[in-house]
Amino acid sequence: MGFRRGRRRVASGLGSRPPALGNRRYRETGETEARKQGQPSRSKLDAHEAFILGLIEEAPDVTLAEIGERLAAERGVRAAPSTVWLFLDRRGITFKKRRRTPQSSSAPMSCAAA
């Protein structure tokens, strides 16, 4: 029965760790909020930031795969396109490729014209 009561206690929201751990931290530091878990977000590409930004300045339409290939060839760093995307996303760098479509000859297509 002890195991079941323990599971029920956790499920009921009464907690899974002894309250003394939180009390000690409050007494020692005054902290009441939960700390962020996990490792700090670091990227293996951080050391190559200037190189990557230079590639983008040189060719603004460069793809993520091309950036990864250039990193491997010139810097010896293997990086998947998803890693490159995460690196750029954390810096707020975005580029959306859109094809230009020919203007409609039959009727305007914008909302303002409707």
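The values are calculated or read from the model by the stated rules, or taken from the named source; none is laboratory data. Computed from a predicted structure; not experimentally measured. Cβ sites come from the backbone with ideal geometry, for glycine too, and all protein chains shown count toward neighbours.
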Residue in the stretch 36-45 that is touching a Lys or Arg at 6+ places or on another chain (Cβ under 9 Å), modelled with pLDDT under 80, not in a helix (DSSP H, G or I) and not assigned by TED's automatic domain parsing to the domain that holds V84 present: yes
Selection within the stretch 53-80 - aliphatic (A, V, I, L, M) and touching a Phe, Trp or Tyr at 6+ places or on another chain (Cβ under 7 Å): L64
